[in-house]
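K.L.:
Here it is, the structure in full.
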Amino acid sequence: MAASPIALVRSIVLAPIVRFLDQGGVPYEELFEAAKLSPRLIERPNDLFPLAQGFALSEQIARVLGLDDVGLRAASHVAI
C-alpha cells in the first residue's frame with residue numbers, strides 16, 4: 001500500500017504571519033514550536049514544511065490571540 005502524499009510549502013509563506021505577529025509585539029517562537037515548526041524556518045525561506053503544520057500554526061495563533069481572521073490580518077502584510 002502506497003503512502004499518502006504530503007503537501008509541502010516553502011517557508012517564505014510564513015513571512016507575513018511573522019510580520020503580523022511582530023507588529024503586535026507577539027513573540028512567534030513559542031507559537032511555531034506549539035505547531036511543531038522550527039522558528040528557524042524564517043531564516044531559510046526556501047525550506048519546505050508540511051502544509052498541515054502551517055494550518056496548525058494558524059489555529060494556534062487564532063486560539064492564543066482570540067482572533068478568527070488571522071489569515072486575513074497576516075495577508076495584509078504581504079508585499080506585492
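K.L.:
Could you run through region 1-30 and say how many residues are more than 12 Å from GLN53 (Cβ to Cβ) and either under 13 Å from the mean Cα position of the chain (by Cα) or not hydrophobic (A, V, I, L, M, F, W, C) (or both)?
P.N.:
Step one: of region 1-30, the residues more than 12 Å from GLN53 (Cβ to Cβ) are 1-5, 10, 12, 15-30.
Applying the additional criterion that residues be either under 13 Å from the mean Cα position of the chain (by Cα) or not hydrophobic (A, V, I, L, M, F, W, C) (or both) yields 4-5, 10, 12, 15-25, 27-30.
Qualifying residue count for the region: 19.
K.L.:
Being polar (S, T, N, Q) and touching a Gly at 6+ places or on another chain (Cβ under 9 Å) is the filter here; which residues of region 29-74 pass it?
P.N.:
Initially, region 29-74 is screened for residues polar (S, T, N, Q), giving 38, 46, 53, 58, 60.
SER58 - this is the single residue of region 29-74 that is polar (S, T, N, Q) and touching a Gly at 6+ places or on another chain (Cβ under 9 Å).
K.L.:
Here's something else I'd like to know. Looking at region 69-79, can you tell me whether even one residue there is open to solvent by 50 Å² or more (accessible area, probe 1.4 Å), among the aliphatic types (A, V, I, L, M), in a helix (DSSP H, G or I) and in contact with a helix residue (DSSP H, G or I) (Cβ under 9 Å, 6 or more places away or on another chain)? Write out each step before concluding.
P.N.:
First, pick out the residues of region 69-79 that are open to solvent by 50 Å² or more (accessible area, probe 1.4 Å): 71-73, 75-76, 78-79.
Those still in the list that are among the aliphatic types (A, V, I, L, M) too: 72, 75, 78-79.
Now narrow it down to the ones that are in a helix (DSSP H, G or I): 72, 75.
In the following step, the residues that additionally are in contact with a helix residue (DSSP H, G or I) (Cβ under 9 Å, 6 or more places away or on another chain) were identified as 75.
Scanning region 69-79, I find at least one residue that is open to solvent by 50 Å² or more (accessible area, probe 1.4 Å), among the aliphatic types (A, V, I, L, M), in a helix (DSSP H, G or I) and in contact with a helix residue (DSSP H, G or I) (Cβ under 9 Å, 6 or more places away or on another chain), so the answer is yes.
K.L.:
Moving to a separate point now. Within region 1-41, take every residue that is surrounded by 11 or more Cβ atoms within 10 Å (Cβ to Cβ) and of a type in the set (Ser, Thr, Tyr) and give me the one that is nearest to ILE61 (Cα to Cα).
P.N.:
The residue in question is TYR28.
K.L.:
I would also like to ask the following. Scan (1) among the small types (Gly, Ala, Ser); (2) over 10 Å from the mean Cα position of the chain (by Cα); (3) part of a helix (DSSP H, G or I) for the single condition ALA56 breaks and write down its number.
P.N.:
So the condition that ALA56 fails would be (2).
K.L.:
Filter region 16-34 for residues that are touching a residue at least 40 places away in the same chain (Cβ under 8 Å) and of a type outside the set (Phe, Trp, Tyr) and give the result.
P.N.:
Within region 16-34, PRO16, ILE17, ARG19, LEU21, GLN23, GLY24 qualify.
K.L.:
Could you list all residues from region 52-80 that are within 11 Å of LEU14 (Cα to Cα) and aliphatic (A, V, I, L, M)?
P.N.:
LEU57, ALA74, ALA75, VAL78
The values are calculated or read from the model by the stated rules, or taken from the named source; none is laboratory data. On a predicted model such as this, the values are computed, not experimentally measured, just so you know. Glycine gets a Cβ as well: all are built from the backbone with ideal geometry, and neighbour counts include every protein chain shown. The protein model used for the area step is the full one, side chains on, heavy atoms only, and it has no ligands, DNA or RNA in it. Shrake-Rupley method; radii C 1.70, N 1.55, O 1.52, S 1.80 Å.
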